[in-house]
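Have a look at the structure below before the remarks.
The values are calculated or read from the model by the stated rules, or taken from the named source; none is laboratory data. All of these numbers come straight from a predicted model, not from anything done at the bench. Note: ideal-geometry Cβ built from the backbone for every residue, glycine included; neighbour counts use all protein chains shown.
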Amino acid sequence: MKNLFEHTSSAWVRYSCYEYRKSGNILYITPTEDSSPILYDPLNDYESLVLDALNLGRLAARADRADQLQSEVLEFVQKYGLLGFMPALPTTPDFMEYEQVYLPKNHFIREEVMQTEDYLRLFFPFDSPDVVKRGVQSRWNISDDKSMMALAMALADRPMSVNLCCQRQYSERYDWILQVLQDWAFTFLTSFLYYLDEKRMDDLSRELFQKGMSAFGGSAPTYHIELRERPTMVWDFHSLLLQVQMLFSIMLTDQASPMRCCPSCGKVFVAENRNDELCPECRLR
Ligand SMILES: [Zn+2]
């Protein structure tokens, strides 16, 4: 895994503190006003990131745990940052360089084309960044908050949409976050149960499982080549969403250390040995 993604621009931003905030009837998660940004690389501990996301998705699928769910989602965001829907959903994270935003089919926005201002407003419901759009040109006047300026400088080589979604005013809808976490958990369970029951399954169920699985995937990270000491492939992960999806796909297809669902506690874990059925905690007990 490390070799495959040896060179990446995968740094992501999380803030020291987040809160729930409502705009109309919609519940958002957003950094608190006095929070400070922290740059980190999600690839460093990608296994925990993916497992945390899957276990949270499992919890999200249970209707009886709404309160616990809200606090655990906030904890997840506190640990890893918001998912970066804004650069992840359109056909390109460079959408600021086009006149409009183009959206492939997704679970969140029905429109295929949106005006850039309208699209930005979905992610800045409380306080909009000072962006002026004229045709394909975009101009962004960064607020005079010093930490936001420093952050924008640190991310200057990334697309403007990535930079914008790392700013403090950027917010994401709670129901969207839940949906994506549930989608990942569903994909994992589909694959896990398929191989658990494959031999006992009739053709119809087998086909249903395969269909369920084929809905997953789609957008992959892009890459570019840099002329370093030798030509080097550099992967561009422009959102945490895309990173989790890609890393999860790699873990899901890893034969040597498969992901399992513990039959005793229901947790998703990575089996160190192929024969491990129980998660490490349950095995200790
Ligand atoms: Zn367990």
For the range 150-166, the count of residues that are under 16 Å from PRO31 (Cβ atoms) and modelled with pLDDT under 90 equals 4
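Pick from the range 250-272 the residues that are more than 15 Å from the ligand (Cβ to nearest atom) and more than 25 Å from ARG62 (Cβ to Cβ): which of them is modelled with the highest pLDDT? Explain how you work it out, then say what you get.
Our first condition is that a residue be more than 15 Å from the ligand (Cβ to nearest atom); within the range 250-272, this holds for 250-258.
From what is left, the residues that are more than 25 Å from ARG62 (Cβ to Cβ) are 250, 253-257.
Values: ILE250: 87, THR253: 84, ASP254: 82, GLN255: 79, ALA256: 80, SER257: 79.
So the residue we want is ILE250.
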Condition set surrounded by 13 or more Cβ atoms within 10 Å (Cβ to Cβ) and not in a loop (DSSP other than H, G, I, E, B), scope the range 273-285, selection farthest from the ligand (Cβ to nearest atom): answer is PRO280
Residue set MET148, MET213, MET153, MET160; condition without any contact (Cβ under 8 Å) to a residue 12 or more places away in the chain and not aromatic (Phe, Trp, Tyr); output residue MET153
Counting only residues that are at pLDDT below 90 and of a type in the set (A, V, I, L, M, F, W, C), the range 41-59 contains a total of 1
### Message
Within the range 208-224, does at least one residue satisfy the condition of being among the hydroxyl-bearing types (Ser, Thr, Tyr) and modelled with pLDDT of 85 or more?
### Response
no
Take ILE38 and tell me if it is farther than 21 Å from MET153 by Cβ and touching a residue at least 12 places away in the same chain (Cβ under 8 Å). no
Next item on the list: Could you check, for the range 235-246, whether at least one of its residues is touching a His at 6+ places or on another chain (Cβ under 8 Å) and either basic (Lys, Arg) or away from the ligand (no atom under 16 Å from the Cβ) (or both)?
Entry: yes
inquiry  = Against the definition (at pLDDT below 90 and crowded, with 17+ Cβ neighbours inside 10 Å), how does HIS238 come out, yes or no?
reply    = yes
By my count, strands (runs of 3 or more DSSP E) wholly in the range 192-268 with at least 3 residues that are closer than 20 Å to PRO87 by Cβ are 222-227, 231-236
